[in-house]
1. Determine which single condition Cys101 fails, assuming it passes every other condition in (1) under 23 Å from Thr216 (Cβ atoms); (2) touching a Leu at 6+ places or on another chain (Cβ under 6 Å).
2. Exactly one of (1) within 19 Å of Arg50 (Cα to Cα); (2) open to solvent by 20 Å² or more (accessible area, probe 1.4 Å); (3) polar (S, T, N, Q) is unmet by Ser226. Its number?
3. Given Gly184, Gly193, Gly211, which one is open to solvent by less than 10 Å² (accessible area, probe 1.4 Å) and not in a strand (DSSP E or B)?
4. Can you give me the number of residues within the range 215-233 that are outside any helix (DSSP H, G or I) and either β-branched (Val, Ile, Thr) or over 30 Å from Gly92 (Cβ atoms) (or both)?
5. With the structure loaded, tell me whether His112 is without any contact (Cβ under 8 Å) to a residue 24 or more places away in the chain, outside any loop (DSSP other than H, G, I, E, B) and within 19 Å of Leu31 (Cα to Cα) or whether it fails that test.
6. Could you please let me know if Ala231 is hydrophobic (A, V, I, L, M, F, W, C), open to solvent by 70 Å² or more (accessible area, probe 1.4 Å) and either more than 19 Å from the chain's Cα centre (by Cα) or modelled with pLDDT of 95 or more (or both)?
7. When the range 115-136 is examined, which residues are found to be without any contact (Cβ under 8 Å) to a residue 12 or more places away in the chain and loosely packed, with under 12 Cβ neighbours inside 10 Å?
8. Cβ-Cβ under 8 Å, sequence separation 6+ or interchain: first residue in the range 164-176 and closer than 16 Å to Val126 by Cβ and of a type in the set (Ser, Thr, Tyr), partner assigned to a helix (DSSP H, G or I) and modelled with pLDDT of 75 or more. Which pairs?
Amino acid sequence: MKTVNGWLNIIQNWIYPPTCLLCGASGERGLDLCGACERDLPRTGTACLRCGETLPDGAPSPCGRCLQQPPPFDSCRAAFRYEEPIRHLIHGLKFGRRHACARTLGELAAAHFRTHAELPELIVPVPLHPSRYRERGFNQSLEIARHVSRNLNIPLELHVCTRSRNTRQQSALSAKDRAKNIRGAFKLEHRIGTRHIAIFDDVVTTGATVGELSRTLQQDGVKQVSIWTIARA
């Protein structure tokens, strides 16, 4: 499979040479980013190993909030901070349907997780409610996760949970209201008997969505739930 993917990448790069999604220059290392723009990306520095929030250099981890009230997942790893130009790439996919952004973000994330995270048995993208999926036409977290899965050779699980309730947009709510809004929004569809799962979301802000999905997966006896995200807000 790796050989096939390698040839496909060679053919794709020959027919469609990589072009930087941010400045239009030639891409490098097979990415749709030039070297200068890639170096300017807001990579995650010191962060809490439990919730993923940015911490001052030298600060202990887990953070004080996680010590007092641990989240329902075991760890959160973010490849970047939710700042420009990562925000631009995420919005380009989510609202501009620029699917080249999914490939670039997925490959950058895979490179980060390969060296900064314990690899799970399965990756579970955060599902959209069917009505939201019909409106958007795709699930941005799934589209990025496909590339993470392929690069790390970790299977995707798309059907273990569904979003059974059409919640309000989380981005418009306070942290307290986000937790209320997402409560009970996911439904476990079948058992998978997996010990370690990574939930993948494009952006994690308060952790309410991935926390609720973690609780749902733990009903299936999942012992370790990691959160993987492109960016931590």
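1. (1)
2. Every listed condition holds for Ser226 apart from (2).
3. When all the criteria are applied, what remains is Gly211.
4. Total meeting the criteria: 10.
5. no
6. Judged against the criteria, Ala231 is not a match.
7. Thr115, Arg134, Glu135
8. Thr167/Asn181; Thr167/Ile182
The values are calculated or read from the model by the stated rules, or taken from the named source; none is laboratory data. Everything quoted here is computed from the prediction, not taken from an experiment. Glycine also receives a Cβ, built like all others from the backbone with ideal geometry; neighbour counts cover every protein chain displayed. The accessibility values were calculated without ligands, DNA or RNA, using every heavy atom of the protein model including side chains. Shrake-Rupley method; radii C 1.70, N 1.55, O 1.52, S 1.80 Å.
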